[in-house]
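Comments concern the structure below.
Taken together, the values in this text are just the output of simple stated rules run on the coordinates, not laboratory data. Keep in mind that this is a model prediction, so the values were computed, not measured. Here the Cβ positions follow ideal geometry from the backbone for every residue, glycine too, while neighbour counts run over all protein chains shown.
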Amino acid sequence: MARNYILLGPPGAGKGTQAEKIVRDYGAIHISTGDMLRAAVAAQTELGVKAKQFMDAGELVPDELVIGIVRERLDDQDIREHGVLLDGFPRTLPQAEALDAAMSGLGLSEPLVINLLVADEVLLRRLTGRRMCRGCGAIYHIDREKLDVGDKCPACGGEIYQRSDDELTAISERLATYHSQTAPLIEYYTAKGWLKPIDGAGTPDEVEALLDAVLGKPGKCG
Ligand code: ADP
Ligand code: ZN
């Protein structure tokens with residue numbers, strides 16, 4: 001049966017980067033609730049209109065909205081075949097419980113929960129310097145790529161922007177939200193025996209190596 005993964009960690013822990021790696025090397029289908037919600041906001045769907053105010057404030061979107069979109073997506077055949085990688089979900093205990101129920105209802109295997117550990121001061125620096133491409137969704141950092149709002153994406157030529165929730169006040173709110181609402185999931189998954197802690201403070205390559213060690217290096221045919 002296909003293996004399923006949950007990526008847990010504070011905002012800025014590198015979930016997006018490690019998600020790309022797991023999709024590439026282990027073949028799981030990526031579900032990012034952040035990406036789904038941003039797409040809904042951009043398309044001004046009913047969900048997007050409801051979600052935008054919460055997202056801009058750095059608050060969580062209400063559980064029932066997020067649980068609904070994930071549950072719908074989990075039912076797709078590609079997930080049964082390739083496994084799922086959940087990134088940015090679950091973020092609250094009710095979400096975790098709803099996910100358990102949905103996954104066992106669909107007959108999906110118990111997930112490996114990868115917990116990326118990064119100290120708050122490192123997160124702050126990463127988040128305030130983060131920039132995104134409107135064209136291809138690439139993620140950059142002003143320290144690393146030396147590019148900023150107004151520049152063009154080196155990959156696709158798209159416009160570089162800063163997410164409104166990456167501004168300092170929203171970041172502080174997101175970190176506080178993480179500690180109060182999401183950190184309790186660490187205990188929840190530890191009790192189930194599913195938690196795999198990974199040190200996320202290093203470079204993306206270093207973290208990828210730690211991940212391979214924990215997940216078992218992928219074979220060539222996967
Ligand atoms: P990050 O992990 O960098 O904070 P995401 O891209 O995962 O960002 O999410 C951006 C925003 O979307 C969150 O701050 C929140 O408002 C909303 N969001 C994403 N996933 C969830 C979720 N599972 N539950 C509630 N809100 C969510
Ligand atoms: Zn781009």
query: Nearest-5 percent of antiparallel DSSP beta bridges in the chain?
result: 25
message: Quick query: amide H of LEU85 versus all other amide H atoms, modeled in the peptide plane; which residues come in under 5 Å with a sequence gap of 5 or more or a different chain?
response: TYR5, ILE29, HIS30, ILE31
Cβ-Cβ FRET estimate between LYS146 and ASP199, R0 fixed at 22 Å, reported to 0.05: 0.25
task: Determine the gain in length on full extension of the stretch GLU59-VAL23; use 0.36 nm per residue of separation and subtract their C-alpha separation, reporting nm with one decimal.
output: 10.2 nm
- prompt: What nm distance separates the two modelled labels at ALA213 and THR169, each placed 7 Å from Cα along Cα→Cβ?
  reply: 4.3
field: Amide H contacts under 5 Å for ARG131, placed H, 5+ residues apart
entry: TYR140, HIS141, ILE142
- request: Jot down the radius of gyration and Dmax of the stretch 12-111, Cα atoms only, both in angstrom.
  value: 13.6, 37
message: Given 4 °C and 1.567 mPa s, compute D for the chain with the Stokes-Einstein relation, Rh being the Kirkwood radius over Cα pairs; round to the nearest whole µm²/s.
response: 72
